[in-house]
1. Name the long-range amide H neighbours of A:ARG102: under 5 Å, sequence gap of 5 or more, or other chain; modelled H, no Pro or chain starts.
2. Beta carbons within 10 angstrom, averaged per residue: use that to sort the peptides A:91-100, A:68-77, B:81-90, A:127-136, highest first.
3. Determine the shielding of peptide B:81-89 by partner chains: average, over its residues, the number of Cβ atoms on other chains within 10 angstrom of each Cβ.
4. Obtain the nm distance between the two label points defined at B:ASN127 and B:ASP53 by a simple spin-label model: each point lies 7 Å from its Cα along the Cα-to-C-beta direction.
5. With r as the distance between the Cβ atoms of A:ALA142 and B:SER112 and R0 = 51 Å, compute the FRET efficiency 1/(1 + (r/R0)^6) and round to 0.05.
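Read-outs: derived from the displayed coordinates by stated rules, not from any lab. Keep in mind the model is a prediction, meaning the values are calculated, not measured. So basically every Cβ, Gly included, is an ideal-geometry build from the backbone, and we count neighbours across all protein chains shown.
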Amino acid sequence: MFTRLSDSERTFDLLDELRRQMDRVWSDFDDSHGVWRVASPRNLSSAAWPAVNVFDDGDKLVLHADIPGVAAKDVELTLHDGVLTLKGERKVEAPAGYAARRQERPAFRFTRSIALPVKVDPEKTIATAKDGVLTITLGKVAAARPRQIAVRTSA
Amino acid sequence: MQKTIDRAPNEGRAATATAASSAPISPRVDVYESDAEFLLTVDLPGVAKENVDVRVHDGELLIEAKRVFAPAGTALAEEWRARDYRRTFAVPEGIDVEKVEAKLDDGVLRLSLPKAAQKRARKIAINAS
């Protein structure tokens, strides 16, 4: 019912592998300095980005995507043939004049397509971003909304 | 040498989390250093300003944040859950605790930890004899 069309997973596997390698480098560094060290390698999952929750709320679908560090203006949303696509870039800028001591937050471009389980009305779509969470409300077309069926007794 | 730093090495995302696992998540962190300060950036999606708690005490930096998520309707897909964040670091000596500043934008916490004046690196002039 809910299909994931995007193929950014592979990119994330690669990013996570880079992270693992970086952690090893850092543990070497940390042995001599004893600061900013992690006690054990962290197991960060390599899932599609952004991670998304989808709720069916009767006459609308509501999608919540975690996009920390991405400004609302840097996300492009398209709705085509029942597929919602989120596209954008997460920028991570190292401040000038600073040395990096630990880097776990990757910068990357992302594209994620989500096949919607019901027909929605593009005119009834609202997207807002707050605290690093993108909320997309998609109004269903009339035919896809739940309808109350009156049950009559046959007397 | 200082020991113990990250006490919550859980996964960074709750993608496959079951209802039973409510332990806090370790957020992803970048650490930068200049002569004057340490700068931390922490991914805290879904956290409001008033739900972040940062403490520096006894050479330890503690970052805790509470995530609130109360959606309406039936879940069709749940790749993340509203779990709290927690991370601890051993920090170098000489941080000016009074001057630590925090800012939260687009789900990213920026922490500035200034070094105490006497701890900053100073260039020593070498005089020729």
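1. Close amide H contacts, sequence-distant or interchain: B:VAL31.
2. Numbers: A:91-100: 11.4, A:68-77: 16.6, B:81-90: 20.3, A:127-136: 18.1.
Packing order, densest peptide first, comes out as B:81-90, A:127-136, A:68-77, A:91-100.
3. Values: counts 2, 2, 0, 0, 0, 0, 1, 2, 5.
For this peptide, the per-residue mean of nearby foreign Cβ atoms is 1.
4. Result for the modelled spin labels: 5.4 nm.
5. Working: r = 53 Å, r/R0 = 1.03.
Efficiency, from the Cβ-Cβ distance: 0.45.
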